[in-house]
1. Please list, in order along region 249-259, the HN-Hα scalar couplings obtained from phi with the Karplus expression 6.51 cos²θ - 1.76 cosθ + 1.60 (θ = phi - 60°), rounded to whole Hz, x for Gly and Pro.
2. Three principal axis extents, largest first, for the C-alpha atoms of the chain, in Å?
3. Give me the one-decimal nm value for the distance between modelled label points at H325 and S67, 7 Å along each residue's Cα-to-Cβ direction.
4. Working from Cα positions, state the angle (0 to 90°, nearest 10) between the long axis of helix 261-275 and the longest principal axis of the chain.
5. Rounded to the nearest 20 debye, what is the charge dipole size of the chain about its Cα centre when +1 sits on each Lys and Arg Cβ and -1 on each Asp and Glu Cβ?
6. Which whole-Hz couplings ³J(HN,Hα) result when phi for each residue of region 99-116 is put into the Karplus expression 6.51 cos²θ - 1.76 cosθ + 1.60, θ = phi - 60°, listed in order with x for Gly and Pro?
7. Relative to the first principal axis of the alpha-carbon coordinates of the chain, what is the inclination of helix 325-342, with its axis defined by its Cα atoms, in degrees from 0 to 90 and to the nearest 10?
8. Per residue of region 25-38, in order, report the coupling 6.51 cos²θ - 1.76 cosθ + 1.60 (Karplus, θ = phi - 60°) as ³J(HN,Hα) in whole Hz, putting x for Gly and Pro.
Amino acid sequence: MNPSSGPTNSFLASTERRSAFLENVIATCPEGIIANDTRGNIFLYNGSAERIFGYTAEEAIGRLHASRLYPPGGAKEVRDYIYSPQYGPHGHLVDFETEILRKNGKKAPIRLCCSVLRENGKEIGYIGFFTDISARIALQAKFVESEERFRGIFESARDAIVSVGEDGTVVMANRAAQELLGYGEESLSGMEAIRLFPSRFVAYWKELSVYASGLGPGNERRNIEIPVLSRSGAEIPVQLTLAEKIVRGQRIQTAILRNISERKALEEELRLQSITDTLTELYNRRHFHSLAQNEAERSLRNRAPFSVLLMDVDRFKQYNDAFGHDEGDKVLRTLGAEIRKNFRTMDTGFRHGGEEFLVLLPETPAESAIIPAERLRKRFSEIPFLPHSGEKPRNVTLSIGVAEFRPGLSIDDLVRSADRAMYAAKNAGRNRTVSYEHLVAQPVE
């Protein structure tokens, strides 16, 4: 079988498409996106941020300290809340409403979602998504002035708005809600509102709605993120704001549903980029330690074994030096693909660094882990590589070390055990699998 450049071109094209998609989402996102390092130096500032704050990207990036975007004390307030559970998990601030300071010196209300950026477990900065809510606040103030005017705004609002009566059925829904949910106005009217949400929320919907319709600190309107169900059954992530009002003696609940699919897609893309090795499309070393630690805790809790494989491409440096980095990268990409194909869905592959790879095998003792390790080793050694067309195909082999987790071991200890077994495989002639458990059980001569 002669490998072609097809998979390589496909991978590069896929990587370029993802990068282009991410750049396009950042550029077109209606929310201002700003990222700064721990010293407050701004390094990401999109077009929507220019519109919200009044500074150009040239004025902000590398020149403007992040604290100048807030009134006095505002930046400290954001930092304090980002580590508080009040507005989201530790290190995240979700739907926090505060004020920013525009270039012209005027204050403006915004809704902020931000997260701590980490690298190798160390905080390196913050990324925030800023939504100008001036229009929404102005609309809410004007709703009480005139029912006719309210109806006009209601129908033209970009966010989906659904009004629900005391009996829990939909009284009316605007055009944005109809488009978001895929229902016509007649289909929505009279429908039980609870049917617009996944069934898993039914049991505690009352508590959830009471919380969402209340006010937070400083009489700020609470928002929650929750999926809604479209007519087709697809789940759509939205930001839900609930408000209650007595109309003609009846309690009416108004739900504002803001589609946050784009933001969620961007967050997921950023999350995957932070834990994925771009060359092999396997997870990276940092993510290995996170998953392995979780597996260790589960193993101790359930008394279930798990093992790791640590493998190294034999004589990779010589291959790389002889045929070039592009050909070396082909070997690494191929190994990444073989790892994805040759293990169970519950197993996870990682690029440990350079030409070293790890595989995490839950609920698997070392003795059983040797079986898939040997299967991978044999299959990979049979793959023909053609660094130069017209020449004889080259075969590349692996040396694999297997180690089983034991109580009292740290993850670093476990990897060191697998590393010791892997080097024993190399010293024994390469192209083989060695178990650490068998290694230490051998009598000392």
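A short reminder: the numbers here are calculations on the coordinates, not readings from a lab. No experiment lies behind these values; they were computed from the predicted model shown. Heads up, the Cβs are rebuilt from the backbone with ideal geometry, glycines too, and the neighbour counts pull from every protein chain shown.
1. With coefficients 6.51, -1.76 and 1.60, one gets x, 10, 7, 10, 9, 10, 10, 9, 10, 9, 5 Hz.
2. 91, 50, 46
3. That separation, rounded to one decimal, is 4.1 nm.
4. 30 degrees
5. Values: 59 positive and 60 negative charges, 43 e Å.
Magnitude of the dipole: close to 200 debye.
6. Karplus values, whole Hz, x for Gly and Pro: 10, 10, 10, 6, 4, 7, x, 8, 7, 9, x, 9, 10, 10, 10, 8, 9, 6.
7. Approximately 80 degrees, to the nearest 10.
8. 5, 5, 5, 9, 4, x, 8, x, 10, 10, 10, 9, 7, 5
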